[in-house]
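Working notes for the structure below.
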Amino acid sequence: MVDTQTVIGDLILKNPVLVASGTFGYGDDCKDVVNINQLGGIVTKSLSLKPRDGNPPPRIVETASGMLNSIGLANIGVRKFIVEKLPYLRTTQTKIIANIAASTIEEYCIVLSMLDEEEGIDGYEINVSCPNVKEGGLSFGTSCEMTAEITRRLRTLTKKTLIIKLTPNVTHISEFARAVADAGADAVSVINTLVGMAVDIRIRKPKLSTVTGGLSGPAIKPIALAKVYEVAQSVNIPVIGIGGIMTAEDAIEFLLVGASAVQIGTANFIDPAASVNVADGIVRYCEQNKIESVRSIVGTLQASKELSVVRSWQ
Amino acid sequence: MLQSFCPITSRQTVGANIYVLSFRSPQIASTLQPGQFVNIKVSESGIPLLRRPFSVYHTDGDDIKIIFNVIGVGTKVLASKNVGDVLDVLGPLGRSYNVSDGYETAVLVAGGLGVAPLPMITKSLDRRSKVLVTFLGARSRDHLVTTFLENVHTATDDGSEGFRGTVVELLRSILSANSFPQPKIFGCGPNVMLSNLSRLAEELSIPCEVSIECAMACGIGICQGCPIEKVNGEQKYALVCKEGPVFNSRSVLIV
């Protein structure tokens, strides 16, 4: 038996695989095709104080090995989430992490306080890095002081696990990771989407209503790996790796460069069971390589002079 | 909704660049309602990355048929599939047409490959109580696919078959010259056609359901990528994949 447990703050996850915010609804949409009890955890769609309609269409574009999205944090709002979605989530045997988005620090505080009074939420992931909303979102996430300030304020409000989701759309992501670690965050999620764009040359217009959007999918995996590697070198809190993970092999790359857990995002759109398949594949990898515990491979990248030799393009 | 792995049982060319692909899925075929769709992963290679949604064209026992033009990378890959290849299919998805009550004459109206859901509607009508009339428009004779349809009036842009002009113009002329007992329109096609169809239905006070085509990622309501603006209601948008693809034409803004 492979020990698949991993620890993020005060949370003991049964395995290191979570589903990323905005790619799995509120957990109840996929129950026909995925047994969510086999997941380490669920990160909910971003919750805001008031319901949000989201951006006008078109909101998504397929690109080379990826997709751009500009959903604009469409969500039912925190109150409706508590009444309509949380009762189901309480019945599941997986960790529930509520993702919170807001346009002011006060709003982050109110939403977190409302959720903190409820049973059934195990931790929070704070979205300071959405590229698709005019106010808040990325404008918080690209300011190191602001990101740290939000973390400090929220830290005073909850004892539960507090995770900050960082944007790659900055010069040095590790500065942000250090700032939120110093401000009391239990972990960081790395990375949110990269700002990208696509153009329809027939009509000379952007393919997204908001012109730019967030790039996700396999196209961003090499960038995400490099960012996780950079952050894991510079902080002592756990790093949750996100970005283009489609398979268990992809997830293991993230573990090796220092991620304690991973989130599956865009892959859920293509295969709702992707996250469970990744979790199973990690166990098989450990069995095949006689690894007793998933934790034991985290950050064990062999950065030696003897590099692996690529003998052929596979 | 199920995820099933379905062997392809036939591939046919039925018109200019128009393909019909059949694949076996007893579970999906047995529960499918007219207007529902399937979301197909066309390639294991990740190219293209996202699934492709298709309205179900017909069912035949355990088989499901889809109809498509080869227009991009996804349909190109699909058209190159062989009998025996296995497709990863999610379905049945979305809200179906309401074919059961509230009318006597089913007026089926489609433009181009908007014909896709019509055979399923035709098949599911209760003939003891319903009359059926079908209107199909396309660019030219080579783009008209009338298989599985009944009582068809055709329109082509170039006049190579039937009425010269749009299918909505044809429908207007026939509706003004004839009176059908308690009609209801079931439409599918490009947005510009559906928009004209909705206006005509409104003008003549005929109930009308339309199936909207939209690019989508997941097809099951989790990516929030396929909104359509609602005419009224608490929320500004409906998701085409979940609350549609079939809508009452008065409930959404078709642009």
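Read the figures in this text as sums done on the coordinates, not as results from a lab. Because the structure is predicted, anything quoted here is derived from the model rather than measured. Cβ: placed from backbone, ideal geometry, glycine included. Neighbour counts: every protein chain shown.
Below, the figures for the structure above:
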{"quantity": "Matching residues, the stretch B:73-90, being touching a residue at least 24 places away in the same chain (Cβ under 8 Å), of a type outside the set (Val, Ile, Thr) and not in a helix (DSSP H, G or I)", "calculated": "B:Lys81, B:Asn82, B:Gly84, B:Asp85, B:Leu87, B:Asp88, B:Leu90"}
{"quantity": "Enumeration of residues in the stretch A:258-271 that are buried (at least 24 other Cβ atoms within 10 Å of the Cβ) and not in a helix (DSSP H, G or I)", "calculated": "A:Ala259, A:Ala261, A:Val262, A:Gln263, A:Ile264, A:Gly265, A:Thr266"}
{"quantity": "Any strands (runs of 3 or more DSSP E) falling wholly within the stretch A:18-100 and containing at least 1 residues that are among the acidic types (Asp, Glu) and either crowded, with 16+ Cβ neighbours inside 10 Å or within 14 Å of the chain's Cα centre (by Cα) (or both)", "calculated": "A:60-63"}
{"quantity": "Per-region count, the stretch B:64-90, residues within 27 Å of B:Glu150 (Cα to Cα) and buried (at least 20 other Cβ atoms within 10 Å of the Cβ)", "calculated": "5"}
{"quantity": "The lone exception for B:Ser173 - which of (1) free of Cβ contacts under 8 Å to residues at least 24 places away in the same chain; (2) within 30 Å of A:Gly27 (Cβ to Cβ) it fails", "calculated": "(2)"}
{"quantity": "Lone qualifier among A:Gly241, A:Gly214 - being away from chain B (no Cβ under 14 Å), surrounded by 24 or more Cβ atoms within 10 Å (Cβ to Cβ) and assigned to a strand (DSSP E or B)", "calculated": "A:Gly241"}
{"quantity": "When residues of the stretch B:205-221 are limited to those that are of a type outside the set (A, V, I, L, M) and either at the interface with chain A (Cβ under 7 Å from one of its Cβ atoms) or not in a loop (DSSP other than H, G, I, E, B) (or both), the one nearest to B:Gln36 (Cα to Cα)", "calculated": "B:Ser211"}
{"quantity": "Test for B:Leu93: is it away from chain A (no Cβ under 13 Å) and within 18 Å of the chain's Cα centre (by Cα)", "calculated": "no"}
{"quantity": "Hits in the stretch A:1-17 (condition: part of a loop (DSSP other than H, G, I, E, B) and in contact (Cβ under 8 Å) with a residue 24 or more places away in the chain)", "calculated": "A:Val2, A:Thr4, A:Gln5, A:Gly9, A:Asp10, A:Lys14, A:Asn15, A:Pro16"}
{"quantity": "Strands (runs of 3 or more DSSP E) completely within the stretch B:93-160 that count 1 or more residues being in contact (Cβ under 8 Å) with a residue 60 or more places away in the chain", "calculated": "B:105-111"}
{"quantity": "Residue satisfying all of: in the stretch A:55-78; within 19 Å of B:Gly72 (Cβ to Cβ) and of a type in the set (Ser, Thr, Tyr); farthest from the other protein chains (Cβ to nearest Cβ) among these", "calculated": "A:Thr63"}
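Rundown of residues vs (1) touching a residue at least 40 places away in the same chain (Cβ under 8 Å); (2) within 23 Å of B:Leu50 (Cβ to Cβ); (3) buried (at least 20 other Cβ atoms within 10 Å of the Cβ); (4) of a type outside the set (Lys, Arg), yes/no style:
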| site | (1), (2), (3), (4) |
| --- | --- |
| B:Ser179 | no, no, no, yes |
| B:Gln182 | yes, no, no, yes |
| B:Glu202 | yes, no, no, yes |
| B:Pro207 | yes, no, no, yes |
| B:Ile220 | yes, yes, yes, yes |
| B:Leu239 | no, yes, yes, yes |
| B:Pro245 | yes, yes, yes, yes |
